[in-house]
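The values are calculated or read from the model by the stated rules, or taken from the named source; none is laboratory data. Because the structure is a prediction, the values reported are computed rather than measured. All Cβ positions, even for glycine, are placed from backbone atoms using ideal geometry, and neighbour counts span all protein chains on display. Surface areas here come from the heavy atoms of the whole protein model, side chains and all, with no ligands, DNA or RNA. Shrake-Rupley method; radii C 1.70, N 1.55, O 1.52, S 1.80 Å.
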Amino acid sequence: MVDFIAAHIYDFAGFALSAAAVASYQLYLRWRNRRDPASSALYGMHAARAAWVEGVMRDGRDILAVQTLRNSTMTSSFMASTAILLIIGVLTLSAQGDKLTGTWHVLNVLGTDSSEMWLFKLLIMLFDLLFAFFAFCLSMRLYHHIGYQINVQKDLRLDCTRPAHVAAELNRAAIFYRVGMRAYYVTVPLLLWLFGPLWMVGATVLLVFFLYHLDRAPRRDSDLMG
C-alpha cells in the first residue's frame, strides 16, 4: 500500500488537498451559521418550510400539500434514478480502463496513467454516487411519510401530528436532498481527476467558490440600497 501511494504521490496529494478544501469550507459554513444564522440560505429555507407547514395544517389546504410534496418526491426520485445511471456509466468505464487510460491522460501533467490508479479514481467516484443515491432515497422516504402526517387532523396527544414535528421532518427530507446534491457537485472534481490531479484541484477551488455564493442568504434590501 505504501509503495502504491508513493508511486502515485501527486494524485493522492491532489485528492488530499481537494478533500481538505471541501472539509474546511463545510467547517467554516457551520461556524458561520452558528454565529449568524440569518446569513445562511439554509436557515431561511428552514424557516419558510416551517411556516408553510403551519399554514397548510391550520387552513386545511390538503391539495396544495399533496401537489408540493409530489413535486418534491418526483425530484428526489429523478435524481436517485440519475445516480443509478451514472453508477452504471462508472462501472462501464472501469471495464474499459486498459483502452481509455491513455486517451484520458493526454492532458495529465503530474499524475500517472496506470490502470490501478484509474480504477481507484473510479472507485472513489462510485462511492460518491452511491452516497448521493442513498441520500435521495432517504429524502423520498421522508417526503412520503410527511404526505400522511400533514393531511391528518392535529392531535396534541400525538407528536407526529404537531406542525412543529411535521416541519422538522420536512426539513430533514430537504437536508437529505441537499446532501445528495452536494455529492453530485463533488463528482465534477472527481471526474476531472481522471485527467490529472491539477484539474481536480482547480475544479475544487471553483466548486468552493460556487458553494460559498450558493449558501449565502439573499442580500437584504438595505444592503442593496446601500
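See the values below:
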| quantity | calculated |
| --- | --- |
| Around Asp128: net Lys/Arg minus Asp/Glu count, Cβ-Cβ under 14 Å | +2 |
| Cα-Cα separations in the range 1-82 greater than 14 Å, expressed as whole percent | 79 percent |
| Net +/- balance of residues flanking Asn171 in space, Cβ distance below 11 Å, scoring K and R +1, D and E -1 | +2 |
| Distant-in-sequence amide H partners of Ser40 (H built 1.01 Å from N, under 5 Å) | Ala217 |
| Local electrostatic count, His144, Cβ distance below 14 Å [Lys/Arg +1, Asp/Glu -1] | +2 |
| Carbon and sulfur %, accessible surface of the range 1-87 computed with the full protein complex present, 1.4 Å | 67 percent |
| Per-residue HN-Hα couplings for the range 29-40 [Karplus 6.51, -1.76, 1.60; θ = phi - 60°; Hz; x = Gly/Pro] | 5, 5, 5, 5, 5, 6, 6, 9, x, 5, 7, 9 |
| J(HN,Hα) series, the range 87-94, from Karplus relation 6.51 cos²θ - 1.76 cosθ + 1.60, nearest Hz, glycine and proline x | 4, 4, x, 5, 5, 5, 5, 5 |
